Amino acid sequence: MSASDSNQTHATGWPADARPHAFDPLVQPELFRGVLTRRFFAFLIDLVVLSVPVILAVLFIAVFGVVTLGLGWALFWLVSPASVVWAIMYYGMTLGGPHSATVGMRVMDLEMRTWYGESSYFLLGATHAVVYWISVSMLTPLVLLVGLFNGRRRLLHDMILGTVVINTSVRAAISPQPRQSW
């Protein structure tokens, strides 16, 4: 491979290995209108979805402990690690699924895309959740104010991972793409 091969560009003028941002807030501001508010409510919905199975598991263990005269309560140590695994699997499967959105995001008409417009995938969805929780716990929830100061309404963990959250119906109206039925 020669030095001139590494400097090739596409017809668009971008280098062969670089991609432009797919969503421009100056050209398509409707993609980002109300995204932060919707993300907040989607987060609350997802907390309920995540909490219900954990609460049911805790109730089961409590009743099981009564029936087994206290021996079943030894299972309470599993609640914390199981909750973490459940949350990572939930975010990985939903954000990495065909809709690129959690249940809360789908209710609020949002979806997560990569900065160049592709759908999310399992590892990106799971990492998105982990980086979010680490950034909020280390930098306080005030780090979420980052979204107020950029046109794409991206939060710190979105910037780190190269993702963007947009309005689903607006994106579908702008560039309709066939959805997968599975």
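Checked across the range 2-19, the condition of being surrounded by 13 or more Cβ atoms within 10 Å (Cβ to Cβ) and either of a type in the set (A, V, I, L, M, F, W, C) or modelled with pLDDT under 85 (or both) holds for at least one residue.
Just a yes or no: is a residue in the range 99-117 among the polar types (S, T, N, Q), touching a His at 6+ places or on another chain (Cβ under 6 Å) and closer than 27 Å to SER83 by Cα? Checked the range 99-117: no residue is among the polar types (S, T, N, Q), touching a His at 6+ places or on another chain (Cβ under 6 Å) and closer than 27 Å to SER83 by Cα. When each of MET138, MET93 is tested for being touching a residue at least 12 places away in the same chain (Cβ under 8 Å) and out of contact with any Ser or Thr (no Cβ under 9 Å at 6 or more places or on another chain), the lone residue that passes is MET93.
Summed over the range 103-127, residues that are in contact with a Gly (Cβ under 7 Å, 6 or more places away or on another chain), in contact (Cβ under 8 Å) with a residue 40 or more places away in the chain and part of a loop (DSSP other than H, G, I, E, B) total 2.
Within the set PRO53, PRO98, PRO81, the sole residue that is out of contact with any Pro (no Cβ under 7 Å at 6 or more places or on another chain), surrounded by fewer than 19 Cβ atoms within 10 Å (Cβ to Cβ) and either among the aromatic types (Phe, Trp, Tyr) or outside any helix (DSSP H, G or I) (or both) turns out to be PRO98. Restricting ALA42, ALA22, ALA87 to residues that are in a loop (DSSP other than H, G, I, E, B), under 25 Å from LEU144 (Cβ atoms) and of a type in the set (A, V, I, L, M, F, W, C) narrows the list to ALA22. Residues in the range 61-77 that are out of contact with any helix residue (DSSP H, G or I) (no Cβ under 9 Å at 6 or more places or on another chain) and assigned to a helix (DSSP H, G or I): VAL67, TRP77.
The values are calculated or read from the model by the stated rules, or taken from the named source; none is laboratory data. Fair warning: this is a prediction, and the values are worked out from it, not measured in the lab. Positions of Cβ are generated from backbone atoms using ideal geometry, with glycine treated the same way; all protein chains shown enter the neighbour counts.
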